[in-house]
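Engineer: Pasting in a structure now, in structure tokens, and then I'll have a few things to ask.
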Amino acid sequence: MLRIKHIAAGVLAAISSVAVAASDVYQFTDADRDFIARFSLSALPELPTAPSNKYADNEEAAELGRKLFFDRSLSGNGQVSCAQCHNPQLYFTDGLPQSQAIGTTRRSAPSIPGAIYGPWQFWDGRTDSLWAQALSPMEDQNEHGLDRTSAAKAMATEYREEYVKLFGDANDLDAVSGLTLPASPKVAGDAEKNWSQLSAAQQEAVNRVFANMGKAIMAYERKLKLPPARFDQFIDLLEKKAGEDKLKTVMSADEIQGMRLFMGKANCASCHNGPLFTNFEFHNIGAPEPDVKQVDLGRFQGVNDLTKNEFTCLSPVSDAELEQCEEMAFLKKQGPELVGAFKTPSLRNVAATAPYMQAGQFATLLDVVQHYNKPKPPYYDREQHPSRPHFDIIPLGLTEEELAQLVAFLESLTSPLPKDDKWWRDPNLEANGDSSGLASTNK
């Protein structure tokens with residue numbers, strides 16, 4: 001799968017590692033320009049291939065996926081859609097420390113635009129594709145609260161015509177339609193018992209329909225594009241060697257000093273690099289534990305869940321050949337660095353998507369940079385918190401002014417909401433004659 005070319009930490013020396021004098025803030029060398037250009041949205045490569053989902057770039061699949069994404073009937077109470085926690089008005093997040101749907105989840109909802117470029121999904125990377133990711137909340141009783149068979153039956157009844165046109169086989173839909181009881185291997189109680197009583201052929205039919213549901217949602221999510229932020233406009237001017245007067249109209253001196261810190265002295269770009277400001281890797285940065293009674297093992301548990309997942313590149317419902325599943329073939333399964341490690345989030349629109357970290361432990365960006373500047377025990381202390389044997393964080397030693405400049409730079413990464421992009425809109429609003437605004441929250 002095509003990946004964004006990450007920036008080696010050693011290359012960070014290409015831009016000044018310290019804030020420059022006020023008179024030189026808007027002065028850049030050719031090396032500076034070349035380095036900064038790597039962070040522009042225009043530097044994003046083509047969408048990565050998706051061997052496990054042959055419908056990933058199918059327009060009809062994307063249209064179906066869009067309907068599914070905003071369909072509140074795909075939930076146990078008929079009130080929760082994917083957009084409940086991934087609201088377009090909030091850049092496909094929900095503004096909560098821990099997402100709330102039918103119940104309260106353990107973690108916050110990550111933003112979706114750009115997620116397709118990463119090999120792993122969820123904060124702990126427990127799925128290897130967006131189509132598999134889309135399926136997990138359906139069966140989570142704190143999220144959509146469905147069972148697998150009921151989700152598949154919804155495809156057979158509400159979306160039958162579109163399904164057959166796209167996937168070309170009504171046999172599975174017919175098999176699913178005949179099932180009368182809720183059934184799922186992931187939902188404890190009667191649903192799990194009912195699943196065990198289905199024949200292998202019935203289970204396989206349900207799994208195929210369920211997987212295709214996720215593949216359509218993934219096709220939709222691949223359509224979500226971000227408009228340029230002020231920072232991207234600044235890079236464009238920089239590449240054109242615009243003068244100081246023009247550069248000042250886009251970014252302030254403090255924002256540029258923050259950029260220099262981000263890419264240099266503070267070393268933020270060692271993990272938050274490239275056009276999406278993420279290396280898509282997993283790190284333990286000593287953040288506070290949101291629930292001291294239930295330690296979150298992060299990637300360590302995520303890898304275990306991934307190897308047991310029924311919907312991976314290696315699964316029977318995948319469209320990939322075995323040799324195309326390179327990420328799974330070279331999966332790192334052990335090591336102290338996995339414990340308490342979470343995926344590096346994209347910083348695109350970060351100022352508009354508070355709170356921060358995997359469970360909203362920090363309310364503001366200033367809280368975040370203060371943590372990086374001076375991590376606090378007990379979570380940044382192996383003796384006090386032995387469940388975390390490895391940390392990927394070194395105190396920065398920045399001044400209060402420098403921290404404020406870092407925050408100022410991060411605020412320049414917010415894109416305008418794309419009001420004229422249909423993929424950011426609820427198709428139900430369009431059906432009711434509203435084609436101008438973004439989808440509204442389901443709450």
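Engineer: Do the conditions hold for ALA408, that is, is it under 24 Å from the mean Cα position of the chain (by Cα), at pLDDT 95 or above and of a type outside the set (Ser, Thr, Tyr)?
Structural biologist: Details: under 24 Å from the mean Cα position of the chain (by Cα): yes; at pLDDT 95 or above: yes; of a type outside the set (Ser, Thr, Tyr): yes.
Taking the combined requirement at face value, the residue satisfies it.
Engineer: Can you name the residue in the stretch 361-378 that is of a type in the set (Val, Ile, Thr) and not in a loop (DSSP other than H, G, I, E, B) and is also farthest from ALA266 (Cα to Cα) among such residues?
Structural biologist: Initially, the stretch 361-378 is screened for residues of a type in the set (Val, Ile, Thr), giving 364, 368-369.
Cutting the leftovers down to not in a loop (DSSP other than H, G, I, E, B) gives us 368-369.
Working: VAL368: 13, VAL369: 10 Å.
Out of the qualifying residues, it is VAL368.
Engineer: Could you run through the stretch 178-188 and say how many residues are within 33 Å of the chain's Cα centre (by Cα) and either among the aromatic types (Phe, Trp, Tyr) or under 14 Å from SER150 (Cβ atoms) (or both)? Show your work before the answer.
Structural biologist: Filtering the stretch 178-188 for residues within 33 Å of the chain's Cα centre (by Cα) gives 182-188.
Subsequent filtering for residues that are either among the aromatic types (Phe, Trp, Tyr) or under 14 Å from SER150 (Cβ atoms) (or both) retains 182-187.
Summing the residues that are within 33 Å of the chain's Cα centre (by Cα) and either among the aromatic types (Phe, Trp, Tyr) or under 14 Å from SER150 (Cβ atoms) (or both) in the stretch 178-188 gives 6.
Engineer: Here is a list: ASP232, ASP174, ASP169. Which entry is touching a helix residue (DSSP H, G or I) at 6+ places or on another chain (Cβ under 9 Å) and at pLDDT below 95?
Structural biologist: Details: ASP232 fails: at pLDDT below 95; ASP174 fails: at pLDDT below 95.
The conditions single out ASP169.
Engineer: Quick one: what pairs do we get from the stretch 47-69, first residue free of Cβ contacts under 8 Å to residues at least 60 places away in the same chain, second part of a loop (DSSP other than H, G, I, E, B) and of a type outside the set (Gly, Ala, Ser), C-beta under 7 Å, 6+ apart or different chains?
Structural biologist: THR49/MET1; THR49/LEU2
Engineer: Touching a Lys or Arg at 6+ places or on another chain (Cβ under 6 Å) and outside any helix (DSSP H, G or I), is that true of VAL187? Spell out the reasoning first.
Structural biologist: Values: touching a Lys or Arg at 6+ places or on another chain (Cβ under 6 Å): no; outside any helix (DSSP H, G or I): yes.
Here the answer is no, as VAL187 does not meet what is asked.
Engineer: Under 8 Å by Cβ, and 6 or more places apart or on different chains, what pairs join a residue from the stretch 388-407 that is closer than 15 Å to LYS265 by Cβ with one that is among the small types (Gly, Ala, Ser) and assigned to a loop (DSSP other than H, G, I, E, B)?
Structural biologist: Between residues of the stretch 388-407 that are closer than 15 Å to LYS265 by Cβ and residues that are among the small types (Gly, Ala, Ser) and assigned to a loop (DSSP other than H, G, I, E, B), the close pairs are LEU396/ALA266; LEU398/ALA266; GLU402/ALA19; GLU402/ALA266; GLN405/ALA19; LEU406/ALA266.
Engineer: Residues that are at pLDDT below 95 and over 15 Å from the mean Cα position of the chain (by Cα): does the stretch 106-124 have at least one?
Structural biologist: Within the stretch 106-124, the subset at pLDDT below 95 is 106.
Pick out the ones that are also over 15 Å from the mean Cα position of the chain (by Cα) and you get 106.
Yes, some residue in the stretch 106-124 is at pLDDT below 95 and over 15 Å from the mean Cα position of the chain (by Cα).
Engineer: Wholly within the stretch 90-171, which helices (runs of 4 or more DSSP H) include no fewer than the required count, namely at least 3 residues that are within 23 Å of GLY189 (Cβ to Cβ)?
Structural biologist: On the way: elements: 130-139, 148-158, 160-167.
It comes to 130-139, 148-158.
Engineer: Working carefully through the options VAL303, VAL339, VAL350, find the one that is within 21 Å of the chain's Cα centre (by Cα), more than 27 Å from ALA211 (Cα to Cα), hydrophobic (A, V, I, L, M, F, W, C) and modelled with pLDDT of 95 or more. First the steps, then the outcome.
Structural biologist: On the way: VAL303 fails: more than 27 Å from ALA211 (Cα to Cα); VAL339 fails: modelled with pLDDT of 95 or more.
Exactly one of VAL303, VAL339, VAL350 is within 21 Å of the chain's Cα centre (by Cα), more than 27 Å from ALA211 (Cα to Cα), hydrophobic (A, V, I, L, M, F, W, C) and modelled with pLDDT of 95 or more, namely VAL350.
Engineer: Limited to the stretch 193-212, what total is found for residues that are part of a helix (DSSP H, G or I), surrounded by 15 or more Cβ atoms within 10 Å (Cβ to Cβ) and either hydrophobic (A, V, I, L, M, F, W, C) or free of Cβ contacts under 8 Å to residues at least 60 places away in the same chain (or both)?
Structural biologist: Selection size over the stretch 193-212: 9.
Engineer: Please go through the stretch 104-123 and pick out each residue that is over 23 Å from ALA351 (Cβ atoms), in contact with a strand residue (DSSP E or B) (Cβ under 9 Å, 6 or more places away or on another chain) and of a type in the set (S, T, N, Q).
Structural biologist: Scanning the stretch 104-123 gives a single hit, GLN121.
Engineer: Does the stretch 213-225 contain any residue that is surrounded by 20 or more Cβ atoms within 10 Å (Cβ to Cβ) and within 30 Å of ASP24 (Cβ to Cβ)?
Structural biologist: Going residue by residue through the stretch 213-225, those that are surrounded by 20 or more Cβ atoms within 10 Å (Cβ to Cβ) are 213-222, 224.
Filter again for within 30 Å of ASP24 (Cβ to Cβ), leaving none.
No, the stretch 213-225 has no match at all.
Engineer: So is LYS225 at positive phi and either charged (D, E, K, R) or modelled with pLDDT under 95 (or both) or not? Spell out how you get there, then give the answer.
Structural biologist: Numbers: at positive phi: no; either charged (D, E, K, R) or modelled with pLDDT under 95 (or both): yes.
Considered against the rule, which asks whether it is at positive phi and either charged (D, E, K, R) or modelled with pLDDT under 95 (or both), LYS225 comes out as no.
Engineer: Under 9 Å between Cβ atoms, which residue pairs at least 6 apart in sequence (or on different chains) link something in the stretch 22-41 that is in a loop (DSSP other than H, G, I, E, B) with a partner that is aromatic (Phe, Trp, Tyr) and surrounded by 12 or more Cβ atoms within 10 Å (Cβ to Cβ)?
Structural biologist: Pairs that qualify, where the first residue is in a loop (DSSP other than H, G, I, E, B) and the partner is aromatic (Phe, Trp, Tyr) and surrounded by 12 or more Cβ atoms within 10 Å (Cβ to Cβ), are PHE39/PHE231; PHE39/PHE277; SER40/PHE231.
Engineer: Output the residue which, of all residues in the stretch 415-426 that are surrounded by fewer than 19 Cβ atoms within 10 Å (Cβ to Cβ) and not in a helix (DSSP H, G or I), is farthest from the chain's Cα centre (by Cα).
Structural biologist: Filtering the stretch 415-426 for residues that are surrounded by fewer than 19 Cβ atoms within 10 Å (Cβ to Cβ) and not in a helix (DSSP H, G or I), the one farthest from the chain's Cα centre (by Cα) comes out as ASP420.
The values are calculated or read from the model by the stated rules, or taken from the named source; none is laboratory data. Given the structure is predicted, the values throughout are model-derived calculations rather than measurements. Note that each Cβ is placed from the backbone with ideal geometry, even for glycine, and that neighbours are counted across all protein chains shown.
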